[in-house]
Amino acid sequence: MEKGENTMKNKERIAEFLQVIADQKGLLYFNRDAYSVYQEMLETDWIEPKTARMILITLLAKIMEKAELLEYNKTAITALIQEECGLTEKIAEEISAIYAVFLSAENRKRWNCKKDAGLDEFCEKSWHFDLELERSWYSYCVHVDAEIRTTIDIRVDDKRKIRAEIQAELDENPWITAESILTIYTQKIKIGIADDFERYVQAEDDYPPEAEDYEGNFEEIISEFCDRYGLELLDYSFVGMTSDYIPN
């Protein structure tokens, strides 16, 4: 190793960079996707590649997990990095200094306070989302375009059902945001309606669909969705539009 390679630069800045990743993706991300963390470090223009590689080695060795068992003692973590990663004492001290800032008592307290905060916010608010779908029905030399435009307003009626449904996401990232939870449910309802609307449009070979008449299906799907996932339907709007015959 060339002279000077042991010198780690911007320790606090690197720790803050790791903190931002943790805030967004959770601490388990570092254990589950260590190489992705490494790639994110390489994408910066200021973290040296050799520094990123050394941090990657410690992530693969689960130093973050073991730091908790060592009560985040910097001296003990330095010794552990030497033993588990085969790095020199100097480098181990530098990486340990990064972890000391990254996993500081202040950050750990803040992360603990954030646990389930997104779930609580999601359950306390009402939410609105839009859905637009377009499908085409074909017959011989013509086709018909069918389109629906809808809005849906919901709020949580049963928090237990919500928690049960997203438990895997909570385990992966305990401070998942309310907006991210909304995205999960938005995708679920979009998939459900899209699949049903496709079947509706293609139901008859000889007769084109009437998107204007799909509202009953839509309302039934939304009602079943809310019952299944512990949601209350506050309001919705529906507009269906069907084109004239269009030459293929």
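Dipole size in debye (nearest 20) for the stretch 188-248 around its Cα centre, Lys and Arg Cβ +1, Asp and Glu Cβ -1?
380 debye
Which one of LEU103, GLN19, ASN31 has its Cα pushed farthest toward the positive end of the charge dipole of the stretch 1-154, where Lys and Arg give +1 and Asp and Glu give -1 at the Cβ?
Checked the options; the winner is LEU103.
Taking the Cα centre of the chain as origin, work out the dipole magnitude from +1 charges on Lys and Arg Cβ and -1 charges on Asp and Glu Cβ, in debye rounded to 20.
Numbers: 29 positive and 53 negative charges, 427 e Å.
Dipole magnitude for the chain comes out near 2060 debye.
Please report the relative contact order for the stretch 143-230, taking Cα pairs under 8 Å with a sequence separation of at least 6, and give it as a percent rounded to a whole number.
Computed value for the stretch 143-230: 47 percent relative contact order.
From the alpha carbon gyration tensor of the stretch 63-167, can you work out the equivalent ellipsoid semi-axes (sqrt of 5 times each eigenvalue) and give them in Å, largest to smallest?
In descending order, the three semi-axes are 53, 23, 11 Å.
What is the sum of charges around THR78, taking Lys and Arg as +1, Asp and Glu as -1, for the other residues whose C-beta is under 15 Å from the C-beta of THR78?
Result for the local shell: -2.
Quick check: at a probe of 1.4 Å, how many percent of the accessible area of the chain sits on carbon and sulfur atoms? Intermediate results must be reported in sequence, preceding the final value.
Details: 6480 of 13900 Å².
Carbon and sulfur together cover 47 percent of it.
Where the only charges are on Cβ atoms (+1 Lys, Arg; -1 Asp, Glu), what is the dipole of the stretch 126-230 about its Cα centre, to the nearest 20 debye?
700 debye
Just in the stretch 42-120: which chymotrypsin sites (Phe, Trp or Tyr not before Pro) are loop by DSSP and have at most 12 other Cβ atoms within 10 Å? Please list the in-between numbers first.
Values: sites: TRP46, TYR72, TYR99, PHE102, TRP111; in loops: TRP46, TYR72.
Passing both the DSSP loop test and the Cβ count: TRP46.
Using only alpha carbon pairs under 8 Å that are at least six residues apart, calculate the relative contact order of the stretch 48-146 and give it in whole percent.
Averaging sequence separation for qualifying contacts and normalising by length gives 15 percent for the stretch 48-146.
What number, in percent, do you get for the relative contact order of the stretch 1-107 if the mean sequence gap of Cα pairs under 8 Å and at least 6 apart is divided by its residue count?
34 percent
Using only Cα positions of the stretch 200-248, each an equal point scatterer, no hydration layer, compute I(q)/I(0) via Debye at q = 0.20, 0.27 Å⁻¹ and quote the log10 values to two decimals.
Debye intensities relative to I(0), on a log10 scale: -0.77, -1.05.
For every helix of n ≥ 4 consecutive DSSP H residues, a contribution of -39,500 (n - 2.57) applies; sum these over the chain, divide by its total residues, and give [θ] at 222 nm rounded to the nearest 500 deg cm²/dmol.
Numbers: 13 runs with 144 residues, N = 248.
About -17500 deg cm²/dmol.
Can you pull the semi-axes for the chain, root of five times each eigenvalue of the Cα gyration tensor, sorted largest first, whole Å?
Equivalent ellipsoid semi-axes, largest first: 53, 22, 13 Å.
Report the equivalent ellipsoid semi-axes for the stretch 69-123 in whole Å, largest first, defined as the square roots of five times the eigenvalues of the gyration tensor built from alpha carbon atoms. Don't skip to the answer; put the middle values down first.
Details: eigenvalues 199, 19, 16 Å².
Calculated on Cα positions only, the semi-axes equal 32, 10, 9 Å.
The values are calculated or read from the model by the stated rules, or taken from the named source; none is laboratory data. Predicted model only: the values in this text are computed from it and were never measured. For neighbour counting, all protein chains shown are included, and Cβ atoms are generated from backbone atoms with ideal geometry for every residue, glycine included. Surface accessibility is based on the protein's heavy atoms, side chains included, excluding ligands, DNA and RNA. Shrake-Rupley method; radii C 1.70, N 1.55, O 1.52, S 1.80 Å.
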